[in-house]
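Report on one structure; see the data block that follows.
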Amino acid sequence: MRFLLVLCMLLGSSSVFADAYLELYQKAGWPQQQRHFASALEQAQLRYKNTLPTAIYQTLLENSNKRFATAAMHQRGQKALRQNLDNPNSALAFFNSAIGQKVSAAEVAATHPEQLQRYAAGLPAIAADATRRLLIRHLANALPASQSGAEVTLALGSVAADSLSQMLPGLMGAEQANALLESQRQRLLTEIEANIDNTLLHVYRDLSDAELEEFVSFAQSPEGQAYYQAAFKTLQASLRNPQ
């Protein structure tokens, strides 16, 4: 009897965990963030409409729409989350809490198309006392915010390059392309890091100091670090070219 009970628990655990991963994916705001990315992609596509020859522009649309198809991005992201996070329960408990939902809402709001357009020229300098600035500095060290920003920017910027490479094979070798990509990544990281504290002050401006401290505690904890490392890999997988 005990053997059958253990067997049932083992057989059932994967489906329970799968539900927990999906709930975490939703509670942390991934579906909303993907919709905002789709809006940014559409704007990036439009910027090339009047600057590229028609054939290249159509290739750009086809390639980027295929690479960043919503269902495919969700599938890659959820798979990566399951593969890179051993146990979703601690992160799920945080994002199910009042402070976790406030954090998720703040992050989703910050990437809304209207907000991106409003602050296209740059964020205003945010005033904060020493205590809050110290909390933000701890948060900047705990979150992969700069790396994530660089990955999204590179993905949006790659839509034209991918199309040019397809129409002009041999234009750039794989080694040269990788070197250029890494150079761009490092440049973006440097630019983002220079303003990351002010960016996080803006994103989490509606959190009180006590709420911010609670967020920092989670982000710095082993469970929080495990989640955010997995979250960065989830983002990379979502944006990756399936080809």
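The values are calculated or read from the model by the stated rules, or taken from the named source; none is laboratory data. Because the structure is a prediction, the values reported are computed rather than measured. A quick note on method: Cβ atoms are made from the backbone with ideal geometry, for glycine too, and the neighbour counts reach across all protein chains shown. Remember, those area values only see protein heavy atoms, side chains included, never the ligands or the DNA or RNA. Shrake-Rupley method; radii C 1.70, N 1.55, O 1.52, S 1.80 Å.
Keeping the other protein chains in place, figure out the carbon and sulfur percent of the accessible area of the stretch 34-156, with a 1.4 Å probe. Don't skip to the end; give the middle numbers.
On the way: 3480 of 6650 Å².
Roughly 52 percent, rounded to a whole number.
In order along the stretch 221-233, the Karplus-derived 3J(HN,Hα) couplings, from 6.51 cos²θ - 1.76 cosθ + 1.60 at θ = phi - 60°, round to 5, x, 5, x, 4, 4, 5, 5, 5, 5, 5, 5, 5 Hz, and Gly and Pro are given as x. On the beta carbon distance between ALA210 and HIS74, with R0 = 30 Å, the FRET formula returns roughly 0.30.
Projecting the alpha carbon convex hull of the stretch 200-243 along each direction and taking the average yields 3.9 nm². Within the shell of other residues whose beta carbon sits under 14 angstrom from the beta carbon of ALA150, the net charge comes to -2, with Lys and Arg scored +1 and Asp and Glu -1. With a simple spin-label model that places each label point 7 Å from the Cα along the Cα-to-Cβ direction, the separation between GLU193 and LEU123 comes to 1.7 nm.
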